[in-house]
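The values are calculated or read from the model by the stated rules, or taken from the named source; none is laboratory data. Quantities reported herein were computed from a predicted structural model and do not represent experimental measurements. Reconstructed Cβ throughout: ideal geometry from the backbone, glycine too, with neighbour counts over all protein chains shown. Each accessible area value is taken on the protein alone, full model and side chains, heavy atoms only, with ligands, DNA and RNA left out. Shrake-Rupley method; radii C 1.70, N 1.55, O 1.52, S 1.80 Å.
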Amino acid sequence: MAPQAKSMDSYHSSRPIWEPGPDRIERANLNRFMRFVRERTGNDDIRRYAPLYDFSLRQPGQFWQLVWEFCGIRSSGDFEPALVDGEQMPGATWFPGVRLNFAQNLLRYKDERVAILSHNERGQSRQISYAELHVEVARVAHALKGAGVGAGDRVAGLLPNIPEAIIAMLAAASLGAIWSSCSPDFGVESLVDRFGQIEPKVLFCVDAYTYAGKPFDCLEKARGVVARVPAIGTLVAIPYAGDPSRLNKPGNVSTWADFAGTGNPPLNFESLPFDHPLCILYSSGTTGAPKCIVHGAGGTLIQHLKELVLHTDLKRDDRFFFHTTCGWMMWNWLASSLAVGCTVVLYDGSPAWPNADVLWDLAEEAGITVFGTSARWLASIEKAGLRPGATHKLLNLRTILSTGSPLAPESYDYVYGQIKANVLLASISGGTDIISCFALGNPLMPVYRGELQCRGLGMKVEILDNAGEPLVGENGELACTAPFPSMPVAFWDDADGSRYREAYFSRFPNAWCHGDQAILTKRDGIIILGRSDSTLNPGGVRIGSAEITRQLLAFEEIVESIVIGQRWNDDERIVLFVVLQEGISLDDSLRERISSHIRQNTTPRHVPAKIIQVPDIPRTHSGKPSEIAVRDAVHGKPVRNRQALANPQSLDVYAIIPELQD
C-alpha cells in the first residue's frame, strides 16, 4: 500500500499522553535553573518554560553565560562580551575572550564511580571508573604527543562503540587535536572520501568486530586506508574480535597496549580559544565527496551541557545509554555526558541479536535510567510484538529518547502501553550539522502524541513559508533565525566559507535552513514531517546520494542513475533509478551485483530498498540530475522546479511506477 501523507488531524491530541508529577518537577535541573535565572536577573516572571525560552532569545549573551555558570564549565579568561556581531548569521562570535579545554571538562571527576559501562553482543562487559579513565586518557595523550600530534592535528578512529573510542577522543582533545571517527562497517572508498580530506596523523582501529553474530575484518581495511592516505603515520590496532597473532606480523601497526604503555604520565590540558576545532563530522553532500563539518570545542560543550543537564535532566546518579555508532553525532552527545559525572553505558553490536530483547536485557541488567534509541527501532520492536514492560524489570527507567527520524504517533502509544506508563518519552531532532538539537524534551512539560515537546533553549527555531515568513500550525521549512554556539566553525578546506554559506544560508537570508519539513503547533510543540532537501535519511542515518551513485561508475551496463528517499511506513527508504545501455534489462542478477557492490564499498545502510529501471532522468539545463524533482513526482507533489529542467517530460514515468507501491 502506498504511503499516505500525514494530516494535522492524525497528529492532533487535545490531551497529553503523559505529564510529570510534582516531585519530578521539583527535582528537575530545569526547575533549579529557572530559580537560578530569577536570582541572577531579578526577573520573577521566569517560572515556566515559555518565559524562560523567551528570555533565552531576547538576551542570548546573558542566557548562555548563566548556562555556563550553572553547568560549572571550567575555563579562564573574560566572559565579556559573550556575543559579538550577534545580528550576523553566519558571522557571530561567541565568548571571544574565553579559553578552555573540552577534555578537561569531561574529566572533571576523578573518583571511583563508574564512568563507562561497556557491553557487546558477544556477552563481554567491562567497566572503567573515573579515576581509571583519567589514567587511560593520560597514557594515550602522552603517546599521541610522542607521535607528533599537537593542537590542530587530526586523529581518526575506525572503531566500534567501545571505551577506547572515548579514551582516544579525550586524549586528542586534551592536546587540542581534532578528532574524527567512522563506524567500522564503512568501506575503504567511503573512508578515504572522509579521512583523505582531513589527513589524520594517527588512525585507531580494531582488528575485527562482529555484527549479528558474524565476524568482520577491520585491520586490513584500515591498512587499505593508510596506503591511500599518506598523512597517516601511525596505525594503532586494538585486539577486539579477531586473531591476536595477526597483530604480531611486521608492518607499521602498534597495538593499543604498546602504544599507550603502562606508565603514569601527568594529564595536561591545552588551554584553547572557545572556537578551537574539537571534531570533524561528515555531512552527506549530494554532488560529491562528503562535506567535513568542523565543530568547535566551546560551542559543542555548552550546547551539549544545556541539552543534557536542562532538557534531558541528567544527573550524577544516572546511567545513560544511547544505541549509536561512533559515526553518528549521538555518540559525541553521549560522550559529553561524562561532564555530568554519570555512568555512560555503551553497547556494540546488533540491537536484534541474539534476540530482539537484547537492549532491554541490557537496560534491566545495567539499571539504565535514560535510554536513547531510534524511532525506527521502536517501530521494529512493536512490529515484532515485544512487550518490555511485561518481560523486564525497568524500575530505574525514567526517560526514553528517540531520534533519527520522526517518531510516529503510534509509537507513542506503544511506549506508554507496552514499555512503561510513567516515563518521559522525548523525541528529539537536530543533526550532524549542529552536533546538537533544535527541538527536544522537557522534564517540566507534558508529552503530546506525535509532538516534540519544545524548541531548545537559546535556539530561535521558526517554521518558514516559501517567502521566509513564520508559520504556526502549517507545514513549512524548519529554520533557526538567530546564531547559536554550536554552529559549525567551518567546513574543512573551505577557506572563503562559500560552501558553508551555500549549505545552510542560501535559501533564506540570515537564517539557518536545516532541510526539514515541520509544523510549530499552537501549544509550541514541534512536529517533524521529514527531509525537504535531497539528502537521504533512512532510519535517521543521513546519506549523500552521490555516495551511492558514484559506486555505479563500475557498471558498464548503467548509463545514468539517480537516487532518492521515498517516505514509507513512517520512515524513509532508498530508491535507486537506473538508465541502462540499449538492449539491456534490469534483472535480479544485475540488481544483486549492484547491491553487493554498494554494500562492499560504502555501508549496508547505503544499499537501496528498490532498484528500478527508467528510460530517462530529469536534468537541469546545466546537465545536473534533479533529485528533488524526482522525489516530488514520486510522492505525488507538484514539481517546483519544472521550468529549470531541460527534459521535464521525463518526470511523467516516476509517478506511475508500480514497484513504488509495495
Residue in the stretch 591-629 that is least open to solvent (accessible area, probe 1.4 Å), counting only those that are acidic (Asp, Glu) and modelled with pLDDT of 90 or more = Asp616
Residue set Val188, Val253, Val206, Val192; condition crowded, with 21+ Cβ neighbours inside 10 Å, β-branched (Val, Ile, Thr) and either within 20 Å of Thr325 (Cα to Cα) or under 26 Å from the mean Cα position of the chain (by Cα) (or both); output residue Val206
Inspect the stretch 539-550 for any residue being modelled with pLDDT of 95 or more, touching a helix residue (DSSP H, G or I) at 6+ places or on another chain (Cβ under 8 Å) and of a type outside the set (A, V, I, L, M) and give the result as yes or no.
-> no
So which residues in the stretch 374-412 are at pLDDT 95 or above and farther than 25 Å from Ala28 by Cα, if there are any at all?
-> Leu386, Arg387, Pro388, Ala390, Thr391, His392
Can you spot a residue in the stretch 490-502 that is polar (S, T, N, Q), open to solvent by 10 Å² or more (accessible area, probe 1.4 Å) and assigned to a loop (DSSP other than H, G, I, E, B)?
-> no
What number of residues within the stretch 44-68 satisfy the criterion of being exposed (fewer than 15 other Cβ atoms within 10 Å of the Cβ) and either among the small types (Gly, Ala, Ser) or farther than 16 Å from Leu444 by Cβ (or both)?
-> 3
Looking at Gly263, Gly285, Gly299, which is the one that is over 20 Å from Glu136 (Cα atoms) and modelled with pLDDT under 95?
-> Gly285
Entirely in the stretch 69-176, the strands (runs of 3 or more DSSP E) that have 1 or more residues that are within 30 Å of Val253 (Cα to Cα) and either without any contact (Cβ under 8 Å) to a residue 60 or more places away in the chain or open to solvent by less than 10 Å² (accessible area, probe 1.4 Å) (or both) = 114-120, 125-129, 154-158
Given the stretch 513-593, what strands (runs of 3 or more DSSP E) lie entirely inside it while holding 3 or more residues that are over 25 Å from the mean Cα position of the chain (by Cα)?
-> 558-568, 571-580
With respect to the numbered conditions (1) crowded, with 17+ Cβ neighbours inside 10 Å; (2) not in a loop (DSSP other than H, G, I, E, B), which one is the sole condition not fulfilled by Pro483?
-> (2)
